[in-house]
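Each remark here refers to the structure printed beneath this line.
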Amino acid sequence: MADKLGAHEVLELHEIMMDSINGINQFELYRPHVREQQLRSILDNQIQFMKQEYNQLVSTLQGKGIGTPARTISTGVVGTTPSAVSPNYGLDHPTPQSPNQQTNQLDDRDIASGMLGCAKSSALLRMHGALECADPQIRQMVLEGAQSCANQAYEIWQYMNQQGYYQVPTLQANTQQTMVNLYQPTQQTQTGFTQ
């Protein structure tokens, strides 16, 4: 299979595979520091997913999974938009933040924030990689990986939002309405362009 891949594909896939290894290692380093049970469950679930996704990519790239449809391994949120929790909007006495001075200061907010950053950057890396893939099966796997990472990010963001770690600033109602109303629908004809 390797001789059927383009140079860009191979280089992008190398970056994705290294990102997967680094993400798994990073999450494993976090594990002993987690205090809250819900965060531990999210972390464990995401580590398991990341390992399964990594193994699936390795198998496909080594030619063991050729001809089988790509599939996304579920973390509980993959392929769906989690809706069990409504986001909290607005700022409610946000806690000032600064870097920790010692490793024993690492807390659940730090871990969740690191997990979120990892998932966001992995989603971006995979989407960029998918744009360089010519092989349809690998492209689909990488696209599904980008969606999975985006859903992992949303899962951890929801946790952070509910804990007050990630607050969502809002605009005044009139400012928000003005911004939304700046954009108006276009007129369409059969060709899609107005004359």
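The values are calculated or read from the model by the stated rules, or taken from the named source; none is laboratory data. Small disclaimer: the values here were computed from a predicted structure and weren't measured. Note that each Cβ is placed from the backbone with ideal geometry, even for glycine, and that neighbours are counted across all protein chains shown. Side chains are part of the model used for accessible areas, which takes the heavy atoms of the whole protein and leaves out ligands, DNA and RNA. Shrake-Rupley method; radii C 1.70, N 1.55, O 1.52, S 1.80 Å.
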For this session: For the range 83-195, please list each of the helices (runs of 4 or more DSSP H) lying entirely inside it that holds at least 3 residues being open to solvent by 70 Å² or more (accessible area, probe 1.4 Å), farther than 30 Å from GLN62 by Cα and not small (Gly, Ala, Ser).
Result: 136-163, 173-181
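To keep it simple, each residue is scored yes or no on (1) under 30 Å from LYS4 (Cα atoms); (2) among the acidic types (Asp, Glu); (3) touching a helix residue (DSSP H, G or I) at 6+ places or on another chain (Cβ under 8 Å); (4) modelled with pLDDT of 95 or more.
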residue	(1), (2), (3), (4)
GLY114	no, no, yes, yes
CYS118	no, no, yes, yes
SER121	yes, no, yes, yes
ALA134	yes, no, yes, no
ALA146	yes, no, yes, yes
TYR154	no, no, no, yes
For this session: Looking for whichever is touching a helix residue (DSSP H, G or I) at 6+ places or on another chain (Cβ under 6 Å) and modelled with pLDDT under 95 here; the options are GLU36, GLU12. Which one fits?
Result: GLU12
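For the range 6-23, what are the residues that are in a helix (DSSP H, G or I) and open to solvent by 20 Å² or more (accessible area, probe 1.4 Å)? It would help to see each step written out before you state the result.
Step one: of the range 6-23, the residues in a helix (DSSP H, G or I) are 7-23.
ALA7, HIS8, VAL10, LEU11, GLU12, HIS14, GLU15, MET17, MET18, ASP19, ILE21, ASN22 - these are the residues of the range 6-23 that are in a helix (DSSP H, G or I) and open to solvent by 20 Å² or more (accessible area, probe 1.4 Å).
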